[in-house]
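J.: Structure below; questions to follow.
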Amino acid sequence: MARRRRFRQRSNRLAWVIRPVAVVFGVWVAGFLLFIGMVLLEAPPNPLPPADGIVALTGGDDRVATGLALLAARDAPLLLISGAGRGTYLGDFTADDASAATRYAKAITLGHMADTTRGNALEAAGWAAAHHMTSLIIVTADYHMPRAMLEMRRTLPKVTLTPVPVDPPAMRKLVSINTLRLLAVEYSKYLAVRFGPAWLGDY
């Protein structure tokens, strides 16, 4: 009897630990599935509304190329390439991008200070204020867009923001370990920025 009682007590203690962990994990998984749906379904409006500027966030394939294409199509008159890194020049892209960058050099600003998504938002805010902008097109990878828009909206509350997500190679095989890992990490960062203190945006 005593052994059974001890076994029941241990089982009850274990259940008190497992249940909240299982609930938290279940909520995380449900939110993760919603996040994947948000990433896959998000698309820019067609046609794009008029904007004062374009902000392309570096850090992934096709982001700068997309920003340059929008500038060439005159969707906005100015382009900020945010997070370009110190010592980076307009020609430091692919051959095709370098040609386009040279052609539109006067309309392009390279942001050298940002090295985080929050830094991108601060850099965009300073650039927009300097040019008296009230509307921006934001270009980044589709999986990064939810977190980027959170940071941008917090930093630019009075500016109209239009997201233009880019479909990077990493997202073209959704049913793969690497893609799911990428999405899981990004979703966790998104949660940290949305529900955590502001300084978490520095990571």
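The values are calculated or read from the model by the stated rules, or taken from the named source; none is laboratory data. All of these numbers come straight from a predicted model, not from anything done at the bench. Cβ sites come from the backbone with ideal geometry, for glycine too, and all protein chains shown count toward neighbours.
J.: When only residues in segment 122-151 that are without any contact (Cβ under 8 Å) to a residue 60 or more places away in the chain and under 18 Å from Lys189 (Cβ atoms) count, which is surrounded by the most Cβ atoms within 10 Å (Cβ to Cβ)?
T.: Step by step, filter segment 122-151, then rank; the result is Glu151.
J.: Same structure, new question: Among residues belonging to segment 104-121 that are within 13 Å of Leu78 (Cα to Cα) and modelled with pLDDT under 90, point out the one that is surrounded by the fewest Cβ atoms within 10 Å (Cβ to Cβ).
T.: In this case the residue turns out to be Lys106.
J.: If you don't mind, another one. Tell me which residues, restricted to segment 169-190, are hydrophobic (A, V, I, L, M, F, W, C), crowded, with 16+ Cβ neighbours inside 10 Å and modelled with pLDDT of 90 or more.
T.: Leu182, Leu183
J.: Just to check your reading of the model, which residue among Val159, Val166 is closer than 22 Å to Leu110 by Cβ, in contact (Cβ under 8 Å) with a residue 24 or more places away in the chain and crowded, with 21+ Cβ neighbours inside 10 Å?
T.: When all the criteria are applied, what remains is Val166.
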